[in-house]
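To start, the structure itself, in structure tokens.
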Amino acid sequence: MAGWLGRAASVVMVFIATWGATILYWRNSGTVPTGMQMLAYLGLLPVGLSGAGFMVRGALRRGVDSALEAPAATDATTPQGDAVKEPGVAVPASVALLAGSLKLGIDLEPQALLEVAAAPPRPSLDGRFRDNHNLPVRMSAAPDLDELEVLQVRQDGIDTAAHERRAMTLLQPVLEQLLEAVYAALPEIVASEEVVVAGLRRRDEQRVENVLTIELLVPGRWSDALRPWVQEWLLGQARKAGIDARRFDVRVTTLDAAREVWPHAQRVIDALSASPVPRWHLLLAASSCIDPDIVSSWQSAGVLATARNPDGRVPGEGAAGVLLATLAQGREGDGRLWRPQLVRAEQIEGQRPAEQRRQLAALATQWQSGLSAGRAPVQFVLHDADHRGDLMVDAAAITASLSPDLDFSPQSLAVAVSAGELGPALPLAQLALAHAQLQRNAEPVLLLGVADNQQRLFGAVDPLSSPMPAADASLAS
């Protein structure tokens with residue numbers, strides 16, 4: 001009330017002062033004002049002065065309030081404890097890695113594959129496919145796979161390819177396992193209750209929020225007609241798992257290689273870490289190169305691995321997925337996935353191999369120093385080097401710079417050496433294996449990407465402790 005009285009008094013004073021000064025000027029100068037002049041000087045002028053005064057006062061008040069709130073906001077958002085960094089150094093975003101699953105052409109479960117990391121199985125010769133010299137082609141294909149388990153050759157009027165059918169068959173068990181993890185992770189919906197208001201019975205419904213995104217990454221060679229069918233299939237599988245359709249949305253995204261998947265994963269991590277409310281993201285990928293048309297096209301292009309071209313591409317197949325969430329949803333036994341860093345390979349091209357490795361090692365060390373202080377040393381490495389020997393040397397050199405005490409051969413796994421070409425499924429296979437490694441040994445895992453001639457990758461997954469440290473909780477919020 002006092003504020004309104006003050007504003008009214010100030011308006012009255014402005015009118016009195018303006019009118020008094022104007023009338024005094026007219027009397028002393030002998031001016032006879034017209035109607036328009038009287039309206040302008042006795043009406044519009046005092047109104048304009050009052051409005052300008054209020055605007056200036058409001059701007060000054062907002063400036064003072066901002067100056068007072070800035071120190072408090074800085075104190076509230078400054079990480080404490082082991083997350084404090086030097087001025088100008090930002091702690092990268094991170095999310096909780098709650099679950100992972102994969103199904104590769106190798107007939108091994110993730111834990112079993114990690115146990116033979118020192119001598120992983122290699123792709124074998126497959127007599128179904130032959131090169132130009134009638135020799136069998138080396139590939140990593142799932143044995144005895146029923147490629148008609150999910151998709152038929154003609155599915156609901158859509159013609160399907162062998163690589164699409166095989167990928168969907170590999171995806172189904174991965175999706176089922178991760179949907180179970182999603183169902184366990186999502187908070188329960190409070191049951192609605194009937195209440196009586198003014199003698200009328202009414203059902204008090206809880207508002208259900210969309211808190212989950214289910215996203216499948218597929219290669220661009222999948223047909224445009226099939227992708228909407230797959231989206232509906234994912235929706236049906238999630239409903240069958242008991243997840244309320246109001247709580248999630250489904251996406252099918254086209255990405256062809258790891259170089260496209262890792263930037264996409266960065267965007268997912270950024271969105272989750274910035275979310276003010278709990279959210280979950282089920283990220284899946286499926287791909288297969290075990291298809292006569294694909295093998296024939298690679299052979300025609302001269303990129304297929306054969307006896308005469310041992311450094312060529314080895315066909316593979318697989319499906320993988322991980323369940324990510326805002327950091328506060330993580331519990332003991334889960335992982336903490338740091339936002340990976342990508343380096344453009346053009347920055348180091350044109351240099352000798354030894355100089356390239358030294359520069360990559362320096363970049364990796366700089367990246368690792370940006371993570372939270374007090375981290376335990378890396379105890380296992382998951383990288384994408386394939387059968388080409390120089391890439392394995394690159395991975396070993398980077399690892400040695402980050403963790404000199406780590407024995408690279410038994411404490412690393414080259415996924416592509418066993419699985420062949422996985423397309424967009426390779427990065428998620430690395431993440432799923434990182435989660436499986438944390439179940440074996442709760443110590444940090446290093447993720448490396450060295451096989452792509454356009455970019456390099458550094459990433460890390462750390463075990464989450466329980467309860468979450470105060471510093472981590474402040475970063476999560």
**Item:** Surface accessible to a 1.4 Å probe, per residue, for the residues of segment 221-296, Å²
**Value:** 43 Å²
**Item:** Local net charge near Leu413, Cβ-Cβ under 11 Å (Lys/Arg +1, Asp/Glu -1)
**Value:** -2
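Give me the one-decimal Kirkwood hydrodynamic radius in Å for segment 217-287, with the sum taken over alpha-carbon pairs. Before the final figure, lay out the partial values.
Details: mean 1/r = 0.0730 Å⁻¹.
Kirkwood radius, segment 217-287: 13.7 Å.
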**Item:** segment 312-426 - convex hull of the alpha-carbon atoms, volume per residue in Å³
**Value:** 148 Å³
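Sort the following peptides by mean Cβ neighbour count (other Cβ atoms within 10 Å, averaged over residues), highest first: 108-120, 326-338, 251-263, 417-429.
Details: 108-120: 15.1, 326-338: 21.0, 251-263: 17.8, 417-429: 27.2.
Result, highest mean Cβ count within 10 Å first: 417-429, 326-338, 251-263, 108-120.
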**Request:** Would you give the gap between the C-alpha center of segment 234-263 and the C-alpha center of segment 299-364, rounded to a whole Å?
**Result:** 23 Å
**Asn453 versus Gln172: modelled label distance in nm, points set 7 Å from Cα along the beta carbon direction** = 3.9 nm
**Prompt:** Under a 5 Å amide H to amide H cut-off, with H placed in plane at 1.01 Å, what residues pair with Ala460 once short-range neighbours are removed?
**Reply:** Trp338, Leu447
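Taking the Cα centre of segment 305-370 as origin and charging only Cβ (+1 Lys, Arg; -1 Asp, Glu), how large is the dipole, in debye to the nearest 20?
On the way: 9 positive and 7 negative charges, 27 e Å.
The calculated dipole for segment 305-370 is roughly 120 debye.
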**Request:** At 7 Å along the Cα-to-beta-carbon direction for both Phe408 and Ala245, put a label point, then send me their distance in nm to one decimal.
**Result:** 5.3 nm
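Per 0.36 nm of contour for each residue apart, how much would the distance between Ala301 and Gln111 grow if the chain were fully extended, relative to their Cα-Cα spacing?
Working: separation 190, 0.36 × 190 = 68.40 nm, distance 3.66 nm.
Net length gain for the segment: 64.7 nm.
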**Zero-based 5 Å bins, Cα pair distances in segment 241-354, whole percents** = 2, 8, 13, 15, 15, 15, 12, 9, 7, 4, 1, 0
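Of the accessible area of segment 322-464, with the probe set at 1.4 angstrom, what percent is carbon plus sulfur? All intermediate terms of the calculation are to be shown ahead of the outcome.
Details: 2410 of 5150 Å².
Result for segment 322-464: 47 percent of the exposed heavy-atom area is carbon or sulfur.
The values are calculated or read from the model by the stated rules, or taken from the named source; none is laboratory data. Quick caveat, the model's predicted, so the values are computed rather than measured. So basically every Cβ, Gly included, is an ideal-geometry build from the backbone, and we count neighbours across all protein chains shown. Heads up: the accessible areas ignore ligands, DNA and RNA and are worked out on the full protein's heavy atoms, side chains in. Shrake-Rupley method; radii C 1.70, N 1.55, O 1.52, S 1.80 Å.
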